[in-house]
Amino acid sequence: MTAPTNNKSLIIEEYPVPPFNQQTQPIPGLASKMEPRPDHGETSYRGSGKLTGRKALITGGDSGIGRAVAIAYAREGADVAINYLPEEEADAVEVVQLIEAEGRKAVAIPGDIRSESFCNKLVHQAAEQLGGLDILVNNAGRQQFNKSIRTLSTEDFDATFKTNVYAMFWITKAALEYLPAGSSIINTSSVQAYKPSEILLDYAQTKAAIVAFTKSLAKQLGKEKIRVNAVAPGPYWTALQVSGGQPQEKVQHFGEDAPLGRPGQPAEIASLYVTFAQLDNSFTSGQVWCSDGGTGTL
Ligand code: NAD
Ligand code: MG
């Protein structure tokens with residue numbers, strides 16, 4: 001067999017490279033209004049029964065990375081509940097249709113995870129409507145850039161910690177009532193945990209907290225045969241970035257510094273979440289898996 005050279009068939013997709021058009025949206029932003037529209041795997045992800053019969057709750061499942069994971073999980077045979085903010089209904093409706101197109105059950109539960117009582121309700125509703133729960137993906141996140149600690153308000157700091165840290169704690173705690181042995185918890189951290197930007201002081205701290213939460217909880221839950229892992233994305237082309245996550249000049253050049261010369265598309269990270277959830281990956285826990293286009297940060 002000869003090694004392939006210049007083999008175009010090895011390139012799955014030619015993805016967009018910067019510069020991108022100027023664009024801003026109010027937080028939380030919609031994937032459907034982004035230019036170019038992110039690829040969540042709608043037409044490309046092919047499943048092979050890796051999660052047949054599984055039941056997953058994915059926060060932030062309407063858009064970006066969470067949406068790509070929802071599509072992948074449904075195509076791998078799982079029933080999927082998604083949570084998102086009420087303002088994101090238009091994106092969420094598309095995800096529900098994509099899950100149902102696979103013949104899988106889709107449960108849509110809008111609501112704000114900064115509230116502990118809503119987090120409890122979310123988990124109970126998801127488990128009730130799915131008929132159980134064995135995969136939890138804590139993926140929802142808040143990122144609002146701020147140039148100085150002097151202008152970072154307590155309200156902003158609090159909202160970022162509530163969304164990224166407290167909600168993960170509340171949702172995970174509630175989910176333990178349902179998760180049987182063999183279940184998988186997957187948290188979305190970030191390269192920001194390891195290489196914090198100066199304009200993401202609050203956000204970067206939460207992403208570091210998620211790494212410590214993941215590693216500590218993996219030790220607690222090992223005896224129950226529940227695995228806990230995290231994915232640490234680098235620059236991915238999602239609504240989070242164009243709705244206050246980055247200043248305009250960074251949006252236009254987003255991903256340019258990555259060795260691959262562009263941002264990742266959500267479709268390119270979903271299989272990491274599939275791998276962590278798979279039963280045959282049963283000895284991997286307490287790990288952080290980075291996908292950032294080649295810096296070798298982790
Ligand atoms: P996204 O905006 O598409 O997804 C984030 C989701 O979080 C939103 O869709 C929203 O539904 C949810 N959310 C935010 N605040 C909420 C609240 N109060 N209540 C309920 N839901 C809420 O963007 P994304 O980039 O796909 O983000 C997914 C995760 O990936 C986040 O945790 C983010 O921090 C992380 N991440 C993203 C990047 C990137 O470059 N895009 C890099 C590293 C980490
Ligand atoms: Mg969204």
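Quick check: is even one residue across segment 67-80 basic (Lys, Arg) and open to solvent by less than 10 Å² (accessible area, probe 1.4 Å)?
yes
So which pairs qualify, if the first residue must be in segment 140-163 and free of Cβ contacts under 8 Å to residues at least 24 places away in the same chain and closer than 13 Å to residue 204 by Cα, the second must be outside any loop (DSSP other than H, G, I, E, B) and within 15 Å of ligand 1 (Cβ to nearest atom), the Cβ gap must be under 6 Å, and the two must be at least 6 apart or on different chains?
none
What residue, of 98, 122, 179, is at pLDDT 95 or above, under 21 Å from the mean Cα position of the chain (by Cα) and open to solvent by less than 10 Å² (accessible area, probe 1.4 Å)?
122
Which pairs have Cβ atoms under 6 Å, sit 6 or more apart or on different chains, and link a residue in segment 72-98 that is within 19 Å of residue 121 (Cα to Cα) and away from ligand 2 (no atom under 15 Å from the Cβ) to one that is in a helix (DSSP H, G or I) and β-branched (Val, Ile, Thr)?
Taking only residues 6 or more apart or on different chains, the pairs are 80/99.
Among what's in segment 189-206 and is of a type in the set (S, T, N, Q) and not in a helix (DSSP H, G or I), pick the residue that is farthest from the chain's Cα centre (by Cα). Lay out the reasoning, then the answer.
Let us first name the residues in segment 189-206 that are of a type in the set (S, T, N, Q), namely 189-190, 192, 197, 205-206.
Filter once more, so that each one left must be not in a helix (DSSP H, G or I): 189-190, 197.
Values: 189: 8, 190: 10, 197: 20 Å.
Ranking the candidates gives 197 first.
Going through 61, 41, 29 one at a time, which residue ends up being on the phi < 0 side of the Ramachandran plot and either within 16 Å of ligand 2 (Cβ to nearest atom) or in contact with a helix residue (DSSP H, G or I) (Cβ under 6 Å, 6 or more places away or on another chain) (or both)?
61
Which number in (1) surrounded by 15 or more Cβ atoms within 10 Å (Cβ to Cβ); (2) closer than 20 Å to residue 203 by Cα; (3) not aromatic (Phe, Trp, Tyr) marks the one condition that residue 248 misses?
Exception for residue 248: condition (1).
I'd like the full set of residues that are open to solvent by 10 Å² or more (accessible area, probe 1.4 Å) and more than 16 Å from ligand 1 (Cβ to nearest atom), limited to segment 225-245.
If the condition is that a residue be open to solvent by 10 Å² or more (accessible area, probe 1.4 Å) and more than 16 Å from ligand 1 (Cβ to nearest atom), then 225, 227 are the ones that fit.
Can you tell me which residue among 74, 68, 81, 56 is more than 9 Å from ligand 1 (Cβ to nearest atom) and either over 19 Å from residue 176 (Cβ atoms) or basic (Lys, Arg) (or both)?
74
Filter segment 204-238 for residues that are farther than 28 Å from residue 134 by Cα and within 16 Å of ligand 2 (Cβ to nearest atom) and give the result. Spell out how you get there, then give the answer.
Of all residues in segment 204-238, those farther than 28 Å from residue 134 by Cα come to 204-205, 235, 237.
Hit for segment 204-238 is 237, nothing else.
Within the set of pairs 6 or more residues apart or between chains, which connect a residue that is of a type in the set (Val, Ile, Thr) and open to solvent by less than 50 Å² (accessible area, probe 1.4 Å) inside segment 42-65 to a residue that is part of a loop (DSSP other than H, G, I, E, B) and more than 15 Å from ligand 2 (Cβ to nearest atom) with Cβ atoms less than 8 Å apart?
65/269
Yes or no, residue by residue, for (1) open to solvent by 10 Å² or more (accessible area, probe 1.4 Å); (2) assigned to a helix (DSSP H, G or I); (3) touching a residue at least 60 places away in the same chain (Cβ under 8 Å):
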{"position": "187", "(1), (2), (3)": "no, no, no"}
{"position": "208", "(1), (2), (3)": "yes, yes, no"}
{"position": "213", "(1), (2), (3)": "yes, yes, no"}
{"position": "216", "(1), (2), (3)": "yes, yes, no"}
{"position": "223", "(1), (2), (3)": "yes, yes, no"}
{"position": "256", "(1), (2), (3)": "yes, no, yes"}
{"position": "259", "(1), (2), (3)": "yes, no, no"}
{"position": "274", "(1), (2), (3)": "no, yes, yes"}
{"position": "281", "(1), (2), (3)": "yes, no, no"}
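The values are calculated or read from the model by the stated rules, or taken from the named source; none is laboratory data. Everything numeric in this text was worked out from a predicted model, so none of it was measured. Please note: Cβ atoms are built from the backbone with ideal geometry, for glycine as well, and neighbour counts cover all protein chains shown. For accessibility, only protein heavy atoms count, side chains too; no ligands or nucleic acids. Shrake-Rupley method; radii C 1.70, N 1.55, O 1.52, S 1.80 Å.
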